[in-house]
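Heads up, the thing below is written out as structure tokens.
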Amino acid sequence: MAENALFPMQSTHQVAQKTSGGNNAYHNFHNDFLHIQDPNERRRLALAEIDKAPFGWYHVRACVVAGIGFFTDSYDIFAVSLLNIMLGIVYHPSTGSLPTSSDSAIKLSTSAGTVVGQLVFGFLADRVGRKRMYGLELIIIIFATLGQALSSGSPSVDIIGIIIFWRVLLGVGIGGDYPLSSIITSEFATTKWRGAMMGAVFSMQGIGQLVCAFVMLFVTLGFREALSASPGIDNCEGYCAVAVDKMWRTLIGFGAVPACIALYYRLTIPETPRYTFDVGRDIEKASDDVKAYMSGRREGHPDDIARIQAREAAETQMTVPRASWSDFCRHYAIPKNGLLLFGTAGSWFLLDVAFYGVTLNNATILGIIGYSTTGAQSTYEVLYKTAIGNLIIVLAGAVPGYWVSVATLDILGRKTIQMGGFLILTILFVVMGFAYNHLSSNGLLAIYVLAQFFFNFGPNMTTFIVPGEVFPTRYRSTSHGISAASGKIGSIIGQGAIATLRTRGATKEHPNPWMDHVLEIYALFMLLGVFTTLFIPETKRKTLEELSGEDQPVPSSAATAVTAEGPRAKTSDSL
């Protein structure tokens, strides 16, 4: 009987075997925390290693893989302004431009699909894992981009309807990239430079806009001879129409190239350790995945027996709540948590009303302030000046704004940058709106470039970053998706209900008589953004667990459970 009593004691205190591998650069986390039986403590220590890890190549790799996706997203989103100009020239030769309804429908279709993608992919990334969903959204983007570039009308199907179909599907893929890229970057990032890493990913939007303008410029130069033969966009026929038709297909199709390059790396990125710890409850796998990620391997391969034992212990001892619909409702029923979601979603909504209402109409804005088509004597000059005008805006405002944010996010803080950005944008839109008829074209252009700068050195950057940091792991992707979808709903309102007001009472001499009032409306939305910013916390240099409230000390009841094996062993021994 005494002999039998020894068996439970042996199984309880069986010493796990150390694994080989690991060095000063890449720790073997399995060995580091092998002696710790409490899964909560193992989780805390392993995540602390991620948070305090020195910035290395593995961080750069994560930023590049996520960033290429955002490059593609931005390229495809902001190409629509140029796309619509060329579609108008080809398919509405009598006027040289799309009807306002068709122009708005094409722009709104991408945002509508994006809302669906953000909500669906955000939920699935929390439900089945980040790794399983990452790459799928890029496949959708590639498929929809190629389908769009190869579209053509017929007697029974209008080209506008086909383009809208493909852009809705494209939007679904783009929408999925928002929560996935944000949370994957944040969950792999070191605490000290998490803002800069997430900012670098989002800053690829500016590079995407820039490359889009360059591609437009290059295809315009490539077809210069055919375009120059046409006296204007309302008289582009024959070789000119064929040239413009080839141009928009080239512009759109190029967007699939970087997506194809990034696809393999997205499909092979490891699952984030935080998801494996908190949702999968797979302690051994999470520890090995950290090591694999830092050493450039696809995923860890822990010992199966140790993995099963650790998972069984985690099921009963982990203090992090399990995700469920009831827990989700209970979590956001707490005023602090509900107001936090309101702050992130509300800020993004208010920002995108103005940001997309203005940015997706760059060509129109440039035309209104007298830059893009002033003195144009041919279709070539119209398209050339439009491309150059977009380059000026992006290079002077958008790109610098993004990278100033990257440099200052971990110094000034997210909340400071967002608050300051909303305040400055309020002032700029007030000036543009109320002094619209008294400012010169150069003055309007200068203020517009400043607005682009403070959009990106301001709320456009921070509304993407903060939702990827402040929510608990089990709902981080879903909450980011809700916040991002709120933004896209704002962009639909900004484009479909507000930006179109600029043509109210339009005449041939004054095609946009209400532009000043539209800018005044945008100023109001920027002012409201100041107040929603009050509901978000400052997140710089804080761990994700600290921000989400998941770093609380282990309760005394859990601590008792952790040490319960010791008393049981002693009892067996005494028997």
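The values are calculated or read from the model by the stated rules, or taken from the named source; none is laboratory data. All of these numbers come straight from a predicted model, not from anything done at the bench. Ideal geometry is used to build each Cβ from the backbone, glycine not excepted, and the neighbour counts take in all protein chains shown. What goes into the accessible areas is simple: the full protein's heavy atoms, side chains included, and nothing from ligands, DNA or RNA. Shrake-Rupley method; radii C 1.70, N 1.55, O 1.52, S 1.80 Å.
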So how exposed is ARG330, as accessible area in Å² (1.4 Å probe, rounded to 10)? 140
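Could you please state how large a percent of the accessible area of region 395-445 is carbon and sulfur, counting protein chains only and using a 1.4 Å probe?
74
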Once every Cα of region 470-526 carries one equal point scatterer and solvent is ignored, give the base-10 log of I(q)/I(0) from the Debye formula at q = 0.18, 0.25, 0.28 Å⁻¹, two decimals. -0.68, -0.94, -1.03
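Just by accessible area at a 1.4 angstrom probe, what is the order of TRP325, TRP403, TRP166, TRP248 from largest to smallest? Before the final figure, lay out each step's value.
Details: TRP325 185, TRP403 105, TRP166 45, TRP248 0 Å².
Highest to lowest solvent-accessible surface, that is TRP325, TRP403, TRP166, TRP248.
Using a 1.4 Å probe on the protein chains only, how many percent of the accessible area of region 208-266 belongs to carbon and sulfur? Please list the in-between numbers first.
On the way: 1780 of 2720 Å².
C and S atoms contribute 65 percent here.
State in Å² the accessible area per residue of region 30-181; use a 1.4 Å probe, count heavy atoms of protein chains only, and round to the nearest integer. Walk me through the intermediate numbers first.
Working: 5280 Å² over 152 residues.
Ligands and nucleic acids excluded, the figure is 35 Å² per residue.
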Can you tell me the accessible area per residue over region 382-527, all protein chains present, probe 1.4 angstrom, in square angstrom? 33
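May I ask for the net charge around GLY199, where only other residues with Cβ less than 13 Å from the Cβ of GLY199 are counted and Lys, Arg are +1 while Asp, Glu are -1?
On the way: positive: ARG194, ARG414, LYS540; negative: ASP410, GLU469.
With Lys, Arg at +1 and Asp, Glu at -1, the net is +1.
What accessible area per residue, rounded to a whole number of Å², is obtained for region 227-275 using a probe radius of 1.4 Å?
42
Top to bottom by accessible area (1.4 Å), largest first, where do LYS540, LYS52, LYS192 land?
LYS52, LYS192, LYS540
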Rounded to the nearest 10 Å², the 1.4 Å probe accessible area of PHE328 is 40
For a 25 Å ceiling on Cα separation, which of these pairs sit above it: LYS336/LYS415; LYS246/LYS488; LYS415/LYS488; LYS107/LYS415? LYS246/LYS488; LYS107/LYS415
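With a 1.4 Å probe and all protein chains kept in place, how do SER97, SER405 rank by accessible area, largest first?
Details: SER97 55, SER405 0 Å².
Order by accessible area, largest first: SER97, SER405.
Return one quarter of the surface area of the convex hull spanned by the alpha-carbon atoms of region 369-471, equal to its mean projected area, in nm². All intermediate terms of the calculation are to be shown ahead of the outcome.
Details: hull surface 31.0 nm².
Computing the convex hull of the Cα atoms and averaging its projections yields 7.8 nm².
Over every pair of different alpha-carbon atoms in region 212-288, take the mean of 1/r and invert it; report that Kirkwood radius in Å.
Working: mean 1/r = 0.0613 Å⁻¹.
Taking the inverse mean of 1/r over all distinct Cα pairs, region 212-288 comes out at 16.3 Å.
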Probe 1.4 Å, all protein chains in place: accessible area of LEU501 in Å², nearest 10? 50
